[in-house]
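Working notes for the structure below.
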Amino acid sequence: MFKSIPMLAGAAAGVYLAVATGAAPPPSQLLAHLSHGSLSSVLPGSSSCSEYWGTGSQSGAAHGGHAGKALDVRVGAHHCYDRMVIDLGPGAVPGYRVGYVGTVRSEGSGQAVPLRGRAQLEITLRGGAASSFPAWGSELANVSGFRVFRQVAGAGSAGGSTEIGLGVRGRRPFRVSVLHGPGRDSRLVIDVARHR
């Protein structure tokens, strides 16, 4: 399995870091990659960019209770991917769906939301947005200089659903995860790989 003690120590340190930051994949996925002698494809911050992500839609059910609301959108550029974080505030994580679409359409009116980029990811939160959230803003975050992201735009919030459009350089693999904390807050995280 492992050829040397240093390799085992490095893998253990990577697992510890991922768990401590709340970014570790499920234990079953960690064990599967551990048995093949490599954690680099599943641990965040790894020097390898061989993530086994896909381009198919991803969704999650609401976790029950009073759902959090979209409060803010933040972006960050990482070694292997560009990341968008939607802060949801306190409460249960609302249901969500993230997937590539031909055209992102505004919530309610159905009007096309213009986005820069050759591909468009539509993020649907089955929950409202805080009154301070710019649900119709055409530039929710500054992505100038990013390798993959081209534009983040609000597509409205109505009827208990909030839409966000993410224009990207091309149809790249992505992953969606939920992070909890600090406190009762949670975040929906969308990572789009820089490679195909």
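The numbers here are math on the coordinates, done by the rules we state, and not lab data. Note that this is a predicted model, so its numbers are computed, not measured. All Cβ positions, even for glycine, are placed from backbone atoms using ideal geometry, and neighbour counts span all protein chains on display.
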Could you give the nm distance between label points at Cys49 and Ser131, where each point is 7 Å from its Cα heading toward the beta carbon?
4.5 nm
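Over segment 43-187, what is the relative contact order in percent, taking alpha-carbon pairs closer than 8 angstrom and at least six residues apart? Could you put the intermediate results ahead of the total?
Values: 364 pairs, mean separation 38.3, N = 145.
Result for segment 43-187 is 26 percent.
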In nm, give the distance between the simple-model label positions of Arg118 and Val178, each being 7 Å from the Cα along the Cα-to-Cβ direction.
3.4 nm
When a/c is below 1.5 the answer is rounded, else prolate if a/b is larger than b/c, else oblate, so apply that to segment 57-118 with a ≥ b ≥ c taken from the square roots of the Cα gyration tensor eigenvalues.
oblate
Phi to ³J(HN,Hα) by Karplus 6.51 cos²θ - 1.76 cosθ + 1.60 over segment 159-167, Hz, x for Gly, Pro
x, x, 9, 10, 10, 9, x, 10, x
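Between Asn142 and Ala92, what is 0.36 nm times their sequence separation minus the Cα-Cα distance? Round to one decimal in nm. Kindly include the intermediate steps, with their values, before the conclusion.
Numbers: separation 50, 0.36 × 50 = 18.00 nm, distance 2.79 nm.
Roughly 15.2 nm would be gained on extension.
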What is segment 98-196 by shape, rounded, prolate or oblate, if you read a ≥ b ≥ c off the alpha carbon gyration tensor as root eigenvalues and call it rounded for a/c under 1.5, prolate for a/b larger than b/c, and oblate otherwise?
oblate
Extension reserve of the Ala77-Gln111 stretch, reckoned as 0.36 nm per residue once the Cα distance is removed:
9.2 nm
Run the numbers on segment 92-155 and let me know its relative contact order in percent, using alpha-carbon pairs under 8 Å that are six or more apart.
33 percent
